[in-house]
Amino acid sequence: MVVGLGDQPFVPPSAWRAVASSPTAPIVAASYGGRRRNPVRLDRSVWPLLPTTGDEGARVVMASRPDLVAEVVCDGEPLDVDTAEDLAAAQA
């Protein structure tokens, strides 16, 4: 399963494809400028490790089990765009 945010319009389809197709680890995160961001691929084998409450999601597993995580360098910009003003600022 590949998960990401719907409010990151500058994350290109190529980032999603790169994360989805990487066979390197059970958890694969996109990396932009050396920073892990969305999208993230979660292999079925790690689903039981995911929290069922709260809003941390896979971050908890990634922090506690770095041995399960790989990064894929991606093009794009993972800006979080929540408002029309955010979008205008990002395009300026």
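The values are calculated or read from the model by the stated rules, or taken from the named source; none is laboratory data. These numbers come from a predicted model, not from an experiment. All Cβ positions, glycine included, derive from the backbone under ideal geometry; neighbour counts span all protein chains shown. Ligands, DNA and RNA are stripped out before the accessible areas are found, and what is left, the full protein with its side chains, is counted by its heavy atoms. Shrake-Rupley method; radii C 1.70, N 1.55, O 1.52, S 1.80 Å.
So what J values fall out for the stretch 63-78 if you push phi through Karplus, 6.51 cos²θ - 1.76 cosθ + 1.60 with θ = phi - 60°, rounded to Hz, Gly and Pro as x?
6, 8, 10, x, 5, 8, 10, 10, 10, 10, 5, 10, 7, x, 9, x
When DSSP assigns beta bridges and you keep just the ones with both residues in the chain, what percent turn out antiparallel, to the nearest 5?
Values: 8 of 13 bridges.
Looking only at bridges with both residues in the chain, the antiparallel portion is about 60 percent.
Along the Cα-to-C-beta direction of Ala89, a point sits 7 Å from the Cα; which residues of the stretch 10-46 have their amide N less than 16 Å from that point?
Only 10 fall inside the zone, counting backbone N under 16 Å.
For the chain, report the translational diffusion coefficient in µm²/s to the nearest whole number, using Stokes-Einstein at 10 °C, 1.306 mPa s, and a Kirkwood Rh over Cα pairs.
Numbers: Rh = 13.8 Å.
My calculation gives 115 µm²/s for D.
Given the Cα-Cα distance of Leu5 and Asp67 and 0.36 nm per residue of separation, how much length would full extension add, in nm?
Details: separation 62, 0.36 × 62 = 22.32 nm, distance 2.43 nm.
Result for the pair: 19.9 nm of gain on full extension.
Could you work out [θ]222 nm for the chain from helices alone, using -39500 (n - 2.57) per DSSP H run of at least four and dividing by all its residues? Round to the nearest 500 deg cm²/dmol. Present the calculation step by step, with values, prior to reporting the outcome.
Numbers: 3 runs with 24 residues, N = 92.
That calculation yields -7000 deg cm²/dmol at 222 nm.
Could you provide, to the nearest whole Å², the per residue accessible area of the chain with probe 1.4 Å? Display every interim value, and only then the final one.
Values: 5700 Å² over 92 residues.
With the other protein chains kept in place, the chain gives 62 Å² per residue.
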